[in-house]
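Only one structure is covered here, and it is reproduced in the block below.
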Amino acid sequence: MNAPVIRTRGLAKRYGNKLAVDGLDLEVREGEVFGLLGPNGSGKTTTILMLLGLTEPSAGEIQVLGLDPRLRPISVKRRVAYLPDTVGYYDDNTGRENLRYTARLNGRTSTDVEAGIERALARMGLAEVIDRRVATYSRGMRQRLGLAEIVLRAPRIAILDEPTVGLDPAGAQEFLEMVLALKHEGMSVLLSSHYLHQVQAICDRVGLFSRGRMVLHGTVDELASQVLGASCRVHLEAQGDGLAAALRTVPGVGRVAAESASRWLVEADKDVRSALVRAAIDAGAQIRGVQMERPGLDEVYANYFRSQFAGAAT
């Protein structure tokens with residue numbers, strides 16, 4: 001298992017009587033994309049600000065690349081790139097000029113900076129507008145410029161806070177593919193979002209925030225097992241006596257239910273298709289087909305909050 005590059009223990013932030021973050025234990029591992037998932041106001045952005053040393057925790061511990069952002073905020077910012085939902089630029093300057101200014105702020109004045117700027121902008125699909133004023137950029141282009149800045153800086157960690165808000169589906173997909181490319185180059189990424197399908201598409205692990213607390217964390221399969229009792233569902237078309245009993249003997253199988261006279265639903269904590277087929281054949285069943293589906297984050301999310309609401313109402 002890769003070592004954590006971000007680690008918090010008991011992290012809390014209080015604003016007056018409001019507890020925005022409540023006892024957060026978080027680990028982001030080297031080289032992974034970790035998704036902070038939750039509705040607006042759930043504590044995601046406050047957590048990010050504490051990780052960057054931009055707001056003081058009320059309690060708890062933080063380590064970012066082995067550094068405490070409270071004590072060494074500048075050192076953390078040199079190693080961590082931050083892309084908020086709305087990126088601020090000098091609109092009267094060009095994309096090239098904005099990146100040149102950022103490079104100077106980060107102490108880069110060598111002759112290779114100009115070539116690095118052109119490579120970064122070209123990689124993000126901004127080569128044709130490199131010398132246009134940023135005021136003329138669309139929202140998607142401004143977000144790409146933010147990623148170009150990350151590419152130019154080459155930090156250990158990139159923290160992205162709702163970066164696809166306001167992008168059309170095609171633009172959001174392109175943006176996420178660029179984020180995945182950063183991961184494949186070894187960068188660790190912390191992605192905060194409330195778009196479930198986007199989080200599921202690129203995140204290795206997910207933390208679900210609710211009212212300042214991280215109530216669930218793990219892979220999507222692990223969350224599905226925790227909330228739904230199964231990480232996969234197999235639909236088996238087969239006929240035979242005693243088939244249900246035979247299917248229940250397969251390791252990892254939970255619930256077995258008849259969807260029709262010849263169609264069975266099997267819920268399990270792993271892919272058990274091969275074992276189900278063998279069990280059905282051994283039981284003398286005739287098999288016509290087998291299909292598997294995995295629950296998505298949307299189902300996990302909806303069921304978790306539905307259960308919480310039901311519990312609060314009783």
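With a Förster radius of 25 Å applied to the C-beta separation of residue 286 and residue 258, the computed FRET efficiency comes to 0.95.
Residue-wise HN-Hα couplings along the range 61-66, as the Karplus relation 6.51 cos²θ - 1.76 cosθ + 1.60 with θ = phi - 60° gives them from phi, are 10, 9, 9, 10, 6, x Hz; Gly and Pro carry x. Accessible surface computed residue by residue for the chain, with neighbouring protein chains in place and a 1.4 Å probe, gives 49 Å² per residue.
In summary, the lysines within cross-link reach of residue 44, defined as a Cα separation below 17 angstrom excluding same-chain residues under 8 places away, comprise 13, 18.
All other residues whose Cβ lies under 14 angstrom from that of residue 306 are scored, Lys and Arg at +1 and Asp and Glu at -1, for a net of -2.
Per atom type, the chain shows carbon and sulfur on 48% of its accessible surface, probed at 1.4 Å. Considering only the other residues whose Cβ falls under 10 Å of the Cβ of residue 140, what net charge follows from Lys and Arg at +1 and Asp and Glu at -1? Every neighbour counted, the sum reads +1. The residues packed around residue 288, meaning those with a beta-carbon under 10 Å from its beta-carbon, carry a net charge of 0 if Lys and Arg are +1 and Asp and Glu are -1. So how tilted is helix 95-105 from the main axis of the chain? Cα-based, degrees 0 to 90, rounded to 10. Between the helix axis and the principal axis of the chain, the angle is about 80 degrees. By the equivalent-ellipsoid construction on the alpha carbon gyration tensor, the range 164-219 comes out with semi-axes of 21, 15, 9 Å, ordered largest to smallest. Just report the Cα centroid separation between the range 243-314 and the range 147-173, whole Å. A separation of 38 Å, based on Cα centres.
Summary value for the chain: 18 percent relative contact order, contacts being C-alpha pairs under 8 angstrom separated by 6+ residues. Here the Karplus relation 6.51 cos²θ - 1.76 cosθ + 1.60, evaluated at θ = phi - 60°, turns the backbone of the range 253-263 into coupling constants of 7, x, 8, 10, 9, 7, 8, 7, 5, 10, 9 Hz, with x for every Gly and Pro. Using the Cβ-Cβ distance between residue 303 and residue 90 with R0 set to 35 Å, the FRET efficiency from 1/(1 + (r/R0)^6) comes to roughly 0.15. Calculated over the range 26-182, the projected area of the Cα convex hull averaged across directions stands at 9.8 nm². Rg and Dmax of the chain, based on Cα coordinates, read 23.8, 77 Å. Once backbone amide H atoms are built at 1.01 Å from N, residue 29 has 5 as its partners under 5 Å, excluding neighbours fewer than 5 places away on the same chain. Counting only alpha carbon atoms, the long axis of helix 297-313 and the longest principal axis of the chain meet at about 80°. Listed values for the range 277-286 are Karplus-derived 3J(HN,Hα) couplings in whole Hz (6.51 cos²θ - 1.76 cosθ + 1.60, θ = phi - 60°), namely 4, 4, 5, 5, 5, 4, 7, x, 7, 9, and x replaces Gly and Pro. These residues, 274, 138, go from largest to smallest accessible area, 1.4 Å probe, as 274, 138. The tail of the calculated P(r) for the range 199-279 beyond 15 Å holds 60 percent of all Cα-Cα pairs.
The values are calculated or read from the model by the stated rules, or taken from the named source; none is laboratory data. All figures in this text were calculated on a predicted structure; none of them were measured in a lab. Neighbour counts are summed over all protein chains in view; Cβ atoms, including those assigned to glycine, are modelled from backbone coordinates with ideal geometry. Surface accessibility is based on the protein's heavy atoms, side chains included, excluding ligands, DNA and RNA. Shrake-Rupley method; radii C 1.70, N 1.55, O 1.52, S 1.80 Å.
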